[in-house]
Amino acid sequence: MSKTFWGGFVILSAVMLLPTMAEAQPILLQRCSADSLDVTKAAARIEWARKCGLLKNVGSPSFGFDTGIPASNGGNLVDYQETDPVRNPLGEGSFSGPNYNFEINYSYINTLYLSGGTTQSLDTWGYNKWTRDATRKRARPLYPTFGTTADLSDASNHQLWPHPTDTNDCGLYSSATGTVSSMSSTYYVNGYCEASCYTPDQEILFEGGYVSILDALNARREDLITLSDDSTLDNVKMKKNSTYGYTVETRDTKHNIYVITTESGGQLRVTDEHPVINGEGRMVKARTLKVGHELVKADGSRDTIVSIEKTEHFGKVYNVRPVSEGLVSNVLVAQGYLVGSSRFQNDDVGYMNRVILYRGVPAHSIP
């Protein structure tokens, strides 16, 4: 089990992809597009997976085990393993993935929350349920998506969906409408999906200039430009990166959008939860910005915010993620301003509101 401890908190590296083969990654992105959920529905999917894993695969609250991890409200955290990873290493018939060792509460807490103190209480069915403070909820929960085989690169792997309305139905279906005749008796967690952030007209910096996120997606642009790893707030440098993948929602839904206008006349349009670099070099959510705060331009100069308009976008939103895993090299340029990739939104260590671009001070010494 890949758990480590820091300050008494359970930390798990962000889980986005389960397949081991690189060619399976774009397939998962397509699957997530076809299985696109907003934040509310994503949280409901996570709750559904926990309930089905417990009631269908565990069967009794007495089958829990002591993790040895202290709960914030006393005692030790109790978890439930829904399948034997030795006898069933691929997790056939499970609702949590192998990256979570098929442990139900462990999977639940890390897909719905960022790190933090964990409390537990009994749920409706008498099982121990873990939770964290509401302020630690992920802006973009990681919800499971399913297939008929464990290997996404397998041509015989067909996508599966839970029933769209009946949360008491633990079956998986070959259509999103939940047609009973298409129920599959064999299913696996194929990966975890997250929601997207950019409206289609938002321009992102690629080699050669700015390209709208929709045009970049359609052209499968791979020449993404990000900050170089040695960039600081006083010395911003760019590098050619590689595109890890794009996400796009299949369904049109309503999104809260912040239209941020600056003193220079520039404008940034992002969802309210999108990570943005402010004038202090901190990564913050767009909704925390106020008039008088500063954004950081691609050349490192500051640009004061003069207005923030809260509006709604009904339609699809998009995202792009670089291959690199470094924090600084996950800073992109959108409409001329430094913003974070999706890696920041779902990083388990919680880098939001941390200093990302610093001035000659070791990063580990900055809160």
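Do we have any residue at all in segment 156-173 that's hydrophobic (A, V, I, L, M, F, W, C) and under 30 Å from Ala286 (Cα atoms)? Show your work before the answer.
In the first step, residues of segment 156-173 are kept if they are hydrophobic (A, V, I, L, M, F, W, C); the result is 160-161, 170, 172.
Filter again for under 30 Å from Ala286 (Cα atoms), leaving none.
Among the residues of segment 156-173, not one is hydrophobic (A, V, I, L, M, F, W, C) and under 30 Å from Ala286 (Cα atoms), which makes the answer no.
Report whether or not Pro85 is farther than 24 Å from Trp161 by Cβ, surrounded by fewer than 22 Cβ atoms within 10 Å (Cβ to Cβ) and in contact (Cβ under 8 Å) with a residue 60 or more places away in the chain.
Values: farther than 24 Å from Trp161 by Cβ: yes; surrounded by fewer than 22 Cβ atoms within 10 Å (Cβ to Cβ): yes; in contact (Cβ under 8 Å) with a residue 60 or more places away in the chain: no.
No, not satisfied.
Working only within segment 200-229, note down all residues that are free of Cβ contacts under 8 Å to residues at least 40 places away in the same chain and outside any helix (DSSP H, G or I).
Across segment 200-229, the qualifying residues are Phe206, Glu207, Gly208, Gly209, Val211, Ser212, Arg220, Arg221, Glu222, Asp223.
What tally of residues in segment 229-258 results from selecting those that are surrounded by 14 or more Cβ atoms within 10 Å (Cβ to Cβ), at pLDDT 85 or above and either among the charged types (D, E, K, R) or farther than 18 Å from Val320 by Cβ (or both)?
The qualifying residues number 6.
Glu312: charged (D, E, K, R) and either without any contact (Cβ under 8 Å) to a residue 40 or more places away in the chain or exposed (fewer than 14 other Cβ atoms within 10 Å of the Cβ) (or both), yes or no?
Numbers: charged (D, E, K, R): yes; either without any contact (Cβ under 8 Å) to a residue 40 or more places away in the chain or exposed (fewer than 14 other Cβ atoms within 10 Å of the Cβ) (or both): yes.
Yes; evaluated as a whole, the condition is true for this residue.
Pull up segment 69-82, narrow it to residues that are without any contact (Cβ under 8 Å) to a residue 24 or more places away in the chain and in a strand (DSSP E or B), then point me to the one that is surrounded by the most Cβ atoms within 10 Å (Cβ to Cβ).
The selected residue is Gln81.
In segment 1-47, how many residues are among the acidic types (Asp, Glu), surrounded by 14 or more Cβ atoms within 10 Å (Cβ to Cβ) and at pLDDT below 75?
1
Exactly one of (1) more than 29 Å from Pro61 (Cβ to Cβ); (2) in contact (Cβ under 8 Å) with a residue 12 or more places away in the chain is unmet by Arg138. Its number?
(1)
Given the criterion hydroxyl-bearing (Ser, Thr, Tyr), farther than 29 Å from Lys285 by Cα and at pLDDT 95 or above, identify the matching residue among Thr119, Thr67.
Values: Thr119 fails: farther than 29 Å from Lys285 by Cα.
Testing whether each residue is hydroxyl-bearing (Ser, Thr, Tyr), farther than 29 Å from Lys285 by Cα and at pLDDT 95 or above leaves just Thr67.
Looking at segment 175-191, which of the residues that are small (Gly, Ala, Ser) and in contact with a Leu (Cβ under 6 Å, 6 or more places away or on another chain) is nearest to Ile46 (Cα to Cα)? Break it down stepwise before answering.
Going residue by residue through segment 175-191, those that are small (Gly, Ala, Ser) are 175-176, 178, 181-182, 184-185, 191.
From the residues that got through so far, the ones that are in contact with a Leu (Cβ under 6 Å, 6 or more places away or on another chain) too are 184, 191.
Values: Ser184: 20, Gly191: 13 Å.
Top of the filtered list is Gly191.
Give segment 48-68 a look and list any residue that's charged (D, E, K, R) and surrounded by fewer than 14 Cβ atoms within 10 Å (Cβ to Cβ), or say none.
Asp66
The values are calculated or read from the model by the stated rules, or taken from the named source; none is laboratory data. The structure displayed is predicted, hence computed values, not measured ones. Cβ atoms come from the backbone with ideal geometry, glycine included; neighbour counts cover every protein chain shown.
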